[in-house]
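Trainee: Pasting a structure below so you can have a look.
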Protein chains: 2
Amino acid sequence: MNNGAQALIQTLVGAGVDTCFTNPGTSEIHVVAALDSVPKMRAILTLFEGVATGAADGYARMADAPAATLLHLGPGLGNGLANLHNARRARVPVVNIIGDHATYHTRYDTPLQSDIETVARNVSAWVRTSRRTEELARDAVEAIAAATGPPGQVATLIVPADVSWQDGAEPAAPPPPGVSPAVSSETIEAVAKAMQRSRRTGILLGGRALREPGLRAAARIAAVTGTKLFAERNVARLERGAGLPAVERLAYWPELVSKQLDGLEHLILAGAAAPHSSFAYEGKDSALVSTGCEVHELSPPASDVLGSLEDLVEALDAANAEPILQTAFVPSRPEGPLTAEKVCKAVGATLPEGAIISDEAITSALALPSSTAGCPRHDWLTLTGGAIGQGLPVAVGAAIACPDRPVIALEADGSALYTIQSLWTMAREQLDVTVVIFNNRSYAILNAEFARIGVQEAGPRARAQLELGNPDVDFVELGTGLGISSRRVDSAEHLTGALEQAIADPGPHLIEAVIPAV
Amino acid sequence: MNNGAQALIQTLVGAGVDTCFTNPGTSEIHVVAALDSVPKMRAILTLFEGVATGAADGYARMADAPAATLLHLGPGLGNGLANLHNARRARVPVVNIIGDHATYHTRYDTPLQSDIETVARNVSAWVRTSRRTEELARDAVEAIAAATGPPGQVATLIVPADVSWQDGAEPAAPPPPGVSPAVSSETIEAVAKAMQRSRRTGILLGGRALREPGLRAAARIAAVTGTKLFAERNVARLERGAGLPAVERLAYWPELVSKQLDGLEHLILAGAAAPHSSFAYEGKDSALVSTGCEVHELSPPASDVLGSLEDLVEALDAANAEPILQTAFVPSRPEGPLTAEKVCKAVGATLPEGAIISDEAITSALALPSSTAGCPRHDWLTLTGGAIGQGLPVAVGAAIACPDRPVIALEADGSALYTIQSLWTMAREQLDVTVVIFNNRSYAILNAEFARIGVQEAGPRARAQLELGNPDVDFVELGTGLGISSRRVDSAEHLTGALEQAIADPGPHLIEAVIPAV
């Protein structure tokens, strides 16, 4: 006979959800107690909920399966909300288990009581409060189905304490796998005709289209049509490097995106949304596709995006076309005083085969794509929802999902400080993550945005809001304090050496790269 | 001619809201730019939104006036949600300014887009998205009125970027001050009669009743009726120490509360809710007042609580009664290896006149009330909403509100790590805060809760969820890395010396007190 908590964990494990990123409290104590009765569930403690939710995102990107989170009532969910927002934008599956007060206790409005469902709706495609122990396993199955139903969504199951602790529950069978609906042959034909009519076309690839099979299909199409291949700006996971077809990722700044798309007569969307400026700017259009360019939605993100590209290969008779592949090219080792660009080159010069890059270095990483394009094959994970503080947690989750692959987390100083607690979980789980902090002691992105709004000379009080100096943050102290071997470098030679050492030595390392302010 | 952002800040300052805790992004850049045109607004940068919202809470507790926050869209509000939950439970005024995308930009569903109002409702008594620049100042006045309308609430004003940047706004006049409705004479009479009928009565004081005038009125009532004086568990601010009437704060554990209230025939609520167990426990009642005790609501939190106590003094003819006051008593300096109890004694032995204690040391601080009861007069701020990670931010806000008073933040290791970024703002603003970390390397409260659910021997996998060792967190490194003078002590003598030095030297200090695990 199981209590609710045991049946819940058994059901999750039975459906393949065997990893849980946790920050539990009293209302989740029965779920914690049940861990020892279901050893197949791996529970990974975090010091802060944003680490748990971002790790679940990173795990799902690499495992193509959901992890669970275990969080403490409304405030715990609130602390995890920003990275669930990013997970929603990454279109990955996540199953949140949020503890709540016992059903009969909520009427007393005790301190931790709040409307959890309301908060959950901000990020979740599916929200339910389980009301009876007998129904908890069934509710969990529906949560998993919602999370994995295409393309990938955040599902939030709220579990009152008495629903966890009462006996009388049985685990439930896993849901059938989610099926992505196929794209109609009419749509395929229409897109094929447009690509045959004009040589000035581009395909904007997103989601599953950015894995090897999608990239190869797109590259075959390019070989026969001359179409340009783009990746959406906010890529959850891009497979790239020597031997794979290369794609050009859309830029952040709207002027640059307009240039990238300049002259196109047709833009085909495969698993991606039409490009828009991330933010609005006074007097500028937020839409970035020129009026002379027709946009065709080949396959929305929830559809069978890979299938749509393969069907398009057939329609264009490109099955035997030879795709252009990225040639191998490793940048030379940089020398002299560090700059952001040299950090990117050093990463390229040392990147090991099979690496996973979690990229949240923001403005500092502009040279990263060119510095790593021809490196040994790797995966590239980026900030999907614009809520900074996602890179370190995503690195945690990726390392848990792929224990045999080295993870490199490239972090801006400002972003790193939102979820710096990630370092402790890296140390505790001895994850093979090398964290590189690009420390320019400012919110450089905001300085750039400030210049854009036409303020030539920011006043001292405004400027103080954009600067991270005074005091300078010492990331070596922070890393050491959270249990990670940490060092600071200020020359390109030292950085390259430090990267090589960190990569050769399994387990977590932090390297603080001090670079000039922008 | 002002743009919306300028008029917004002018309106806030005109209403006395001249302090803003910030973590801005691109959608708030015009508000940042406007700071230099309204020098009376003090903007205090934080590295994480939970620091900003907790600081606004601490500021309001000490200033009896709202601070503003400036946060970045839905994810920024999400990161600040847990401490807004605590602020809501503290019944303090807070005015959140949340930037949003330009009104015409939201249709594109770009990465940072989300339903901000939905998240805000979890914690806010008042939520509005300002739609026109001309109406922004008026909306700000309504937000301030909602925040300050009794007793104190969280108001959230969402400001789209174009509403900020467009010209044509004028600042608006401040709202009239909020008025707490008086308690009816019938209610006063009924309570007075109950207290005259029985000597077995208690008054549970909350909110404004815990300041000196309320305490003195309650103590006069006690002098003539023999009633017991209790403070609610989750006190936002309690004035205490030598020369003030002493009150007994309700305990955390329900059995202890039942003992505290044992034998009462009448419990009078003055600004407090009836006591309930924080969490439900299997087979136990959540209500803690025995069935033989009649509960009388003298004054709900939003009413004129102080006036109700003064009216009760009149009704009981107690105006000339001599209240019993706390005698001065400072504990002797502790000696030998540190324990949690000795840390509390060392705090009592060194507490300076006029100190503000932010107490989030949880299980470690059980000896704190007795160790400090007879100390020089001080204020005591506690965790109001149960969402840990509030103590350090509250200390930031209290120090900003009261720059001439020393602030002592007593923090559990687990709690401190949620919002450790607070230390940087303490350093940047050179706040006079002494942070004492009770480092027992575990979530001791969860170990205790675990024992309560009847699991005699937690399995290794459950136990791992409750322990913060492996690796041990080094708070001296964390404090130093974030710019604060930091040291570790493991003897009572060293701690007392360190406290005296820190208190004598204005500016922030961190002391890590390593104590045995529970």
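The values are calculated or read from the model by the stated rules, or taken from the named source; none is laboratory data. A quick note: this is a predicted structure, and the numbers were derived from the prediction, not measured. Here the Cβ is made from the backbone with ideal geometry for all residues, glycine too, and neighbour counts use every protein chain on show. Ligands, DNA and RNA are stripped out before the accessible areas are found, and what is left, the full protein with its side chains, is counted by its heavy atoms. Shrake-Rupley method; radii C 1.70, N 1.55, O 1.52, S 1.80 Å.
Trainee: Diagonalise the Cα gyration tensor of region B:122-185 and give the resulting equivalent ellipsoid semi-axes, square root of 5 times each eigenvalue, largest first, whole Å.
Mentor: Semi-axes (√(5λ), whole Å): 28, 14, 6.
Trainee: While we're looking at this one, here's another question. Applying the Karplus parametrisation 6.51 cos²θ - 1.76 cosθ + 1.60 with θ = phi - 60° to the phi angles of region B:428-436, what ³J(HN,Hα) value in whole Hz is obtained for each residue in order, glycine and proline being reported as x?
Mentor: Result, ordered by residue: 5, 8, 6, 6, 7, 10, 10, 9, 10 Hz.
Trainee: Further question on the same structure: Shortest first and in nm to one decimal, what separations exist between A:ALA451 and its copies in the other chains, measuring from label points 7 Å along the Cα-to-beta-carbon line?
Mentor: List, nearest first: 6.0 nm.
Trainee: Under the classification rounded if a/c is under 1.5, otherwise prolate if a/b is larger than b/c and oblate if not, where does chain A fall, given a ≥ b ≥ c as square roots of the Cα gyration tensor eigenvalues?
Mentor: Values: a/c = 1.67, a/b = 1.21, b/c = 1.39.
Judged from the Cα gyration tensor, chain A comes out oblate (a/c at least 1.5, b/c at or above a/b).
Trainee: Relative to the present Cα-Cα distance, how much length would full extension add between A:GLU500 and A:ALA274 at 0.36 nm per residue of separation?
Mentor: 77.4 nm
Trainee: Shifting gears a bit: Would you mind classifying region B:1-154 by shape? Square roots of the alpha carbon gyration tensor eigenvalues, ordered a ≥ b ≥ c; an a/c under 1.5 is rounded, otherwise it is prolate if a/b is larger than b/c and oblate if not.
Mentor: Rounded is the answer for region B:1-154, as its axis ratio a/c remains below 1.5.
Trainee: Once the Cβ-Cβ distance between B:GLN430 and A:MET1 is put in as r, and R0 is 45 Å, what FRET efficiency do you end up with, to the nearest 0.05?
Mentor: The pair B:GLN430/A:MET1 has a calculated efficiency of 0.15.
Trainee: Distance in whole Å from the B-onto-A rotation axis to the closest C-beta of chain B, together with the residue it belongs to, please.
Mentor: B:GLU477, 2
Trainee: Let me ask something else about it. So the label point sits 7 Å from Cα along the Cα-to-Cβ vector; using that for A:GLY469, what distances do you get to the other copies, in nanometres, sorted shortest first?
Mentor: So the distances to the same position in the other copies read 4.3 nm.
Trainee: What is the local net charge at B:ALA367, summed over the other residues whose Cβ is closer than 9 Å to its Cβ (Lys, Arg +1; Asp, Glu -1)? List each step's numbers first, then the result.
Mentor: Details: positive: B:LYS342, B:LYS345; negative: B:GLU341.
Result for the neighbourhood of B:ALA367: +1.
Trainee: Given that compact globular proteins tend to follow 2.2 N^0.38 Å, what is the ratio of the alpha-carbon Rg of region B:67-151 to that value?
Mentor: Here the answer is 1.10, to two decimals.
Trainee: How much FRET efficiency would the formula 1/(1 + (r/R0)^6) give for B:LYS284 and B:ARG197, where r is the Cβ-Cβ distance and R0 is 45 Å, rounded to 0.05?
Mentor: Working: r = 31 Å, r/R0 = 0.69.
With a Förster radius of 45 Å, E is 0.90.
Trainee: Then there is this: For region B:302-454, report the translational diffusion coefficient in µm²/s to the nearest whole number, using Stokes-Einstein at 20 °C, 1.002 mPa s, and a Kirkwood Rh over Cα pairs.
Mentor: For the chosen part, D equals 123 µm²/s.
Trainee: Over 18 Å apart: what share of the alpha carbon pairs of region A:246-374 falls there, rounded to a whole percent?
Mentor: 69 percent
Trainee: Between B:ALA321 and B:VAL179, what's the calculated FRET efficiency when r is the beta-carbon distance and R0 is 41 Å? Round to 0.05.
Mentor: The calculated FRET efficiency here is 0.90.
Trainee: Turning to a different aspect of this structure: Tell me the distances, shortest first, between A:LEU256 and the same position across the other copies, using label points 7 Å along Cα→Cβ, in nm to one decimal.
Mentor: Those label-point separations list as 5.7 nm.
Trainee: By the scheme Lys and Arg +1, Asp and Glu -1, what is the net charge of all other residues having a beta-carbon under 11 Å from that of B:SER27? Could the numbers behind the result be given before it?
Mentor: Working: positive: none; negative: A:GLU449, B:GLU28, B:ASP100, B:ASP162.
Residues close to B:SER27 contribute a combined charge of -4.
Trainee: Nothing charged except the Cβ atoms of Lys and Arg (+1) and of Asp and Glu (-1): what's the magnitude of the dipole of the protein assembly as shown about its Cα centre? Round to the nearest 20 debye.
Mentor: 160 debye
Trainee: Through the Karplus equation 6.51 cos²θ - 1.76 cosθ + 1.60, θ set to phi - 60°, convert the phi angles of region B:292-305 into ³J(HN,Hα) values in whole Hz; use x for Gly and Pro.
Mentor: x, 10, 8, 9, 10, 8, 5, 8, x, x, 7, 8, 7, 5
Trainee: Could you work out the local net charge near B:ASN83, counting Lys and Arg as +1, Asp and Glu as -1, over the other residues with Cβ closer than 9 Å to its Cβ? Please report the intermediate quantities before stating the final value.
Mentor: On the way: positive: none; negative: B:GLU49, B:ASP57.
That sum, taken over residues with Cβ under 9 Å, equals -2.
Trainee: For region B:379-518, what does the relative contact order come out to in percent, with C-alpha contacts under 8 Å and a separation of six or more?
Mentor: Working: 211 pairs, mean separation 38.3, N = 140.
It comes to 27 percent, rounded to a whole number.
Trainee: Right, next: Roughly how many Å is it from the Cα centre of region A:449-518 to that of region B:300-334, as a whole number?
Mentor: Comparing the Cα centres of region A:449-518 and region B:300-334, I get a distance of 53 Å.
Trainee: Could the peptides A:383-394, A:275-286, B:46-57 be put in order, highest first, of the mean number of other beta-carbon atoms found within 10 Å of their residues? Intermediate values should be presented prior to the final figure.
Mentor: Details: A:383-394: 29.2, A:275-286: 18.8, B:46-57: 31.8.
Listed from highest to lowest mean packing, they are B:46-57, A:383-394, A:275-286.
Trainee: Evaluate peptide A:68-75: per residue, the Cβ atoms of other protein chains within 10 Å of its Cβ; return the mean as an integer.
Mentor: Mean shielding count: 4.
Trainee: Over all residues in B:381-394, what is the mean tally of Cβ atoms on other chains that come within 10 Å of each residue's Cβ?
Mentor: Details: counts 0, 0, 1, 1, 7, 9, 11, 5, 5, 1, 0, 0, 0, 0.
Taking the mean over all residues of the peptide, I get 3.
Trainee: Show me, bin by bin at 10 Å from 0, the whole-percent P(r) of the protein assembly as shown based on Cα pairs.
Mentor: 2, 11, 20, 24, 21, 13, 6, 3, 1, 0, 0
Trainee: Moving to a separate point now. Of A:SER364, B:SER358, B:LEU157, which is farthest towards the positive pole of the protein assembly as shown's charge dipole, taken about the Cα centre with +1 and -1 on the beta-carbons of Lys, Arg and Asp, Glu respectively?
Mentor: Value: B:LEU157.
Trainee: Kindly rank A:113-122, A:249-258 from highest to lowest mean number of other beta carbons found within 10 Å of each residue.
Mentor: On the way: A:113-122: 22.2, A:249-258: 17.2.
Result, highest mean first: A:113-122, A:249-258.
Trainee: In addition: What GluC sites (Glu not before Pro) in region B:442-471 are in a loop by DSSP, with at most 14 other Cβ atoms within 10 Å of the Cβ?
Mentor: Sparse-neighbourhood loop GluC sites (Glu not before Pro): B:GLU457.
Trainee: Tell me: how much accessible area in total is hidden between B and A, 1.4 Å probe, Å², nearest 100?
Mentor: Details: alone 21130 and 21120 Å², together 34240 Å².
Summing both chains' loss of accessible area gives about 8000 Å².
Trainee: To continue, here is another question. Taking each residue in B:282-293, count the Cβ atoms of any other chain within 10 Å of its Cβ, then average. What number comes out?
Mentor: Whole-number average of other-chain Cβ neighbours for B:282-293 is 2.
Trainee: Helix-only estimate, please: 222 nm mean residue ellipticity of chain B, summing -39500 (n - 2.57) across DSSP H runs of length 4 or more and dividing by its residues, to the nearest 500.
Mentor: -11000 deg cm²/dmol
Trainee: Now for a different question. From Cα pairs below 8 angstrom and at least 6 apart in sequence, can you work out the relative contact order of chain B, rounded to a whole percent?
Mentor: Reported as a whole number, the value is 14 percent.
Trainee: Please compute the contact order of region A:273-368 in relative form: average sequence separation of alpha-carbon pairs under 8 Å and at least six residues apart, divided by the residue count, as a percent.
Mentor: Answer for region A:273-368 is 16 percent.
Trainee: Accessible area per residue of chain A at 1.4 Å probe, in Å²?
Mentor: 33 Å²
Trainee: If you count, for each residue, the other Cβ atoms within 10 Å and average over each peptide, how do B:213-222, B:123-132, B:194-203 line up from highest to lowest?
Mentor: The peptides rank, most packed first, as B:213-222, B:123-132, B:194-203.
Trainee: How far is the Cα center of region B:187-231 from the Cα center of region A:352-395, in Å?
Mentor: 63 Å
Trainee: While we're here: Mind checking the log10 I(q)/I(0) for region B:16-98 at q = 0.22, 0.23 Å⁻¹? Debye, one equal scatterer per Cα, no solvent, two decimals.
Mentor: Here the Debye-derived log intensity ratios amount to -0.96, -1.04.
Trainee: If you don't mind, another one. Can you check what the Kirkwood hydrodynamic radius comes to for region B:226-305, Cα pairs only, in Å to one decimal?
Mentor: Computed over region B:226-305, the radius equals 13.7 Å.
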